[in-house]
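Here is the structure we will look at, set down as structure tokens.
FYI, it's all coordinate maths here, none of it is from the lab. Source: prediction; values computed, not measured. For neighbour counting, all protein chains shown are included, and Cβ atoms are generated from backbone atoms with ideal geometry for every residue, glycine included.
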Amino acid sequence: MDRLNEYRKFIYQILSYYASIPYRYGDTRTYVVVDKEENHFLLMHEGWEGKKRIHATLVHVEIYNGKIWIHHDGIEEGITDELVAKGVPKEHIVLAFHPPYMRPHTGYAVT
């Protein structure tokens, strides 16, 4: 399996696990959205909590230039360690939610 497909599989497995955890409040569901052509992966909450509308992106990951770019990670522990545990090298993960000047200090890829 080539690296791109392997990364797609890892991201989908991780996000699917989190999507399977029931939301504790209200009539809300969690699901994974995948754009295979552009390599974007979203973990979404959608529904109602009482009279309040819930529509939120918990995680946004993109595979870009052979690296995994984590644009947003609202998971308590984060998904980065899970990607590393699956064998993704730290130099193939960009913590894009950090500004570029901070990235050299994260231990992960800069770009």
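Counting only alpha carbon atoms, the long axis of helix 3-19 and the longest principal axis of the chain meet at about 30°.
Each residue, T111 and H98, gets one label point 7 Å from its Cα in the Cβ direction; the gap between the two is 1.7 nm. In this simple spin-label model, placing a label point 7 Å from the Cα along the Cα-to-Cβ direction at both H55 and V84 gives a separation of 3.6 nm.
Scalar couplings 3J(HN,Hα) for the stretch 78-86, obtained by applying the Karplus form with A = 6.51, B = -1.76, C = 1.60 to θ = phi - 60°, are x, 9, 4, 4, 5, 5, 4, 5, 7 Hz; x denotes Gly and Pro. Between Y64 and N5, residue separation times 0.36 nm minus the direct Cα-Cα distance comes to 20.0 nm. Here the label points at E37 and Y25, each 7 Å from Cα along the C-beta direction, are separated by 3.7 nm in the simple model. The helix-only estimate of mean residue ellipticity at 222 nm for the chain, built from DSSP H runs of length n ≥ 4 each weighted as -39500 (n - 2.57), is -6500 deg cm²/dmol after division by the residue total.
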